[in-house]
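The values are calculated or read from the model by the stated rules, or taken from the named source; none is laboratory data. For clarity, every value in this text was computed on a predicted model and none was experimentally measured. Heads up, the Cβs are rebuilt from the backbone with ideal geometry, glycines too, and the neighbour counts pull from every protein chain shown.
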Amino acid sequence: MTLISSHKLTKETVKDFFFAGKAIVTLRNSNTGNRFTYKITKSKGNNPVYFINVFTGTENTNKFHYTFIGTVFQQKDFKYSPKSQMPANAKPITIITLFFNFLHNNTLPKDVEVWHEGKCGCCGRSLTVPESLLSGIGPECNKKRWRQAQKQLNFTLANN
């Protein structure tokens, strides 16, 4: 049996996967074949910050092979960090900045493909359920997310 290790995300699932908490995503230009892999990690707390790192090494499962480039606040625009070891005009930074502009407007160019790496975007475990490959979120994490959303909805309705 062959286990699929990556999957192209649909336009509808990209944003949800990107902000799941521990996403590793590859942006690929289908015209040129150029690609960059990013790790998006969510901070803890009520107003999470997302730390964006780009793959710069040789082993994409090793956290030391990623370079910090910036942050995203409130799931909106990418902000380059002066603490990054890359210059602000580096290609991976230009690409992620453009990508977030498209993501913020719920659009993606036809030639941009977004791939997950076969790991759950929430917890980072390998995806083994075929349906999970479509969204990049494992079934257990998906259940937790729905329970949290239901609790938030109940709390909001009770306080209005």
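Within the stretch 140-154, is even one residue in a loop (DSSP other than H, G, I, E, B), closer than 21 Å to residue 21 by Cα and of a type in the set (S, T, N, Q)?
The first filter runs over the stretch 140-154 and keeps only residues in a loop (DSSP other than H, G, I, E, B), leaving none.
No, the conditions are met nowhere in the stretch 140-154.
Within the stretch 96-131, which residues are assigned to a loop (DSSP other than H, G, I, E, B), over 17 Å from residue 35 (Cβ atoms) and of a type outside the set (A, V, I, L, M, F, W, C)?
Of all residues in the stretch 96-131, those assigned to a loop (DSSP other than H, G, I, E, B) come to 105-111, 117-118, 120-125, 127-129.
Narrowing the set further to residues that are over 17 Å from residue 35 (Cβ atoms) leaves 105-107, 120-125, 127-129.
Result: 105, 106, 107, 121, 124, 125, 128.
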Checking residue 127 against (1) over 21 Å from residue 10 (Cα atoms); (2) modelled with pLDDT under 90: exactly one of these is not met. Which one? (1)
Considering residues of the stretch 128-150 that are surrounded by 17 or more Cβ atoms within 10 Å (Cβ to Cβ) and without any contact (Cβ under 8 Å) to a residue 40 or more places away in the chain only, the residue farthest from residue 26 (Cα to Cα): 142
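Would a scan of the stretch 43-57 turn up a residue that is closer than 19 Å to residue 126 by Cβ, in contact with a strand residue (DSSP E or B) (Cβ under 6 Å, 6 or more places away or on another chain) and not aliphatic (A, V, I, L, M)? Don't jump to the end; show me each part of the working.
Initially, the stretch 43-57 is screened for residues closer than 19 Å to residue 126 by Cβ, giving 55.
Now drop any that are not in contact with a strand residue (DSSP E or B) (Cβ under 6 Å, 6 or more places away or on another chain), which leaves 55.
This time we only want the ones that are not aliphatic (A, V, I, L, M), so: 55.
Yes, the conditions are met somewhere in the stretch 43-57.
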Would it be correct to say that residue 19 is over 21 Å from residue 135 (Cβ atoms) and at pLDDT below 95? no
